[in-house]
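**Student:** My questions all concern the structure below.
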Amino acid sequence: MSTEHAVSQLEIRDLTARFTDAVNRRAPEDLAALFTEDGEWHVPGVPVARGRTAIGDVLHGLLGTFVHLVQLTHSGHIDVTGDTATASWYLTEHAEDAGGNAFTFTGVYTDRLVRTGEGWRFADRSFAFLRRDKVGAPTRWYAHPLTPARS
């Protein structure tokens, strides 16, 4: 691995950590700045957010649903090719709404990234649930979006 490739990997890992940090700090503007100007954020059940303003607005709306929310990013991998990259990251979130209902889920982000004058940015970030439950209710599991369906 070249030094440039290793630096790109570290910068993308930092970008991803900053995304989780912005969610946990409830900072929509900071999160939106991690995307390209025309970046897209795909979240199940929410219209696709295109552009930084829309991305910030979506996070603001999602955070308004929960009184408490903690996002944890786990393992991931990155494939860099010049000034573009793809990545996948696994995460969990624990949340509570105003009614005291607690929720947990596990999911995966699949990302397309580009190197810009601002550094690496998300061009497209898509989330898929792998597991979701409301504490005290049955857990719902989901297939990985890149895995063929089981019969």
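**Student:** Take Gln71 and tell me if it is over 15 Å from Asp124 (Cα atoms) and not in a helix (DSSP H, G or I).
**Tutor:** Here the answer is yes, as Gln71 does meet what is asked.
**Student:** Filter the stretch 1-55 down to residues that are in a strand (DSSP E or B) and open to solvent by less than 20 Å² (accessible area, probe 1.4 Å) and give me whichever is farthest from Gly76 (Cα to Cα).
**Tutor:** Checking each candidate, the answer is Ala49.
**Student:** Determine which member of the set Gly45, Gly56, Gly76 is in contact (Cβ under 8 Å) with a residue 24 or more places away in the chain and out of contact with any strand residue (DSSP E or B) (no Cβ under 8 Å at 6 or more places or on another chain).
**Tutor:** Exactly one of Gly45, Gly56, Gly76 is in contact (Cβ under 8 Å) with a residue 24 or more places away in the chain and out of contact with any strand residue (DSSP E or B) (no Cβ under 8 Å at 6 or more places or on another chain), namely Gly56.
**Student:** Another question about this same structure. Name the residues in the stretch 1-22 that are in contact with a strand residue (DSSP E or B) (Cβ under 8 Å, 6 or more places away or on another chain) and at pLDDT 95 or above, would you?
**Tutor:** Residues satisfying the conditions are Ser8, Gln9, Glu11, Ile12, Arg13, Leu15, Thr16, Ala17, Phe19, Thr20.
**Student:** Output the residues belonging to the stretch 89-125 that are in a strand (DSSP E or B), open to solvent by 30 Å² or more (accessible area, probe 1.4 Å) and either modelled with pLDDT of 95 or more or more than 18 Å from Val70 (Cβ to Cβ) (or both).
**Tutor:** Once the filter is applied, which keeps residues that are in a strand (DSSP E or B), open to solvent by 30 Å² or more (accessible area, probe 1.4 Å) and either modelled with pLDDT of 95 or more or more than 18 Å from Val70 (Cβ to Cβ) (or both), the stretch 89-125 yields Tyr90, Thr106, Thr110, Arg112, Val114, Arg115, Thr116, Arg121.
**Student:** Among the residues of the stretch 60-88, how many are open to solvent by 30 Å² or more (accessible area, probe 1.4 Å) and at pLDDT 90 or above?
**Tutor:** Total satisfying the criteria: 16.
**Student:** Additional query: Read through the list (1) over 25 Å from Thr3 (Cβ atoms); (2) touching a Phe, Trp or Tyr at 6+ places or on another chain (Cβ under 8 Å), then give the number of the only condition that Ser75 fails.
**Tutor:** Evaluating Ser75 over (1) over 25 Å from Thr3 (Cβ atoms); (2) touching a Phe, Trp or Tyr at 6+ places or on another chain (Cβ under 8 Å) leaves (1) as the failure.
The values are calculated or read from the model by the stated rules, or taken from the named source; none is laboratory data. Computed from a prediction, not measured in an experiment: that's the story for all the values here. Glycine gets a Cβ as well: all are built from the backbone with ideal geometry, and neighbour counts include every protein chain shown. Calculation scope for accessible area: heavy atoms of the full protein, side chains included, ligands and nucleic acids excluded. Shrake-Rupley method; radii C 1.70, N 1.55, O 1.52, S 1.80 Å.
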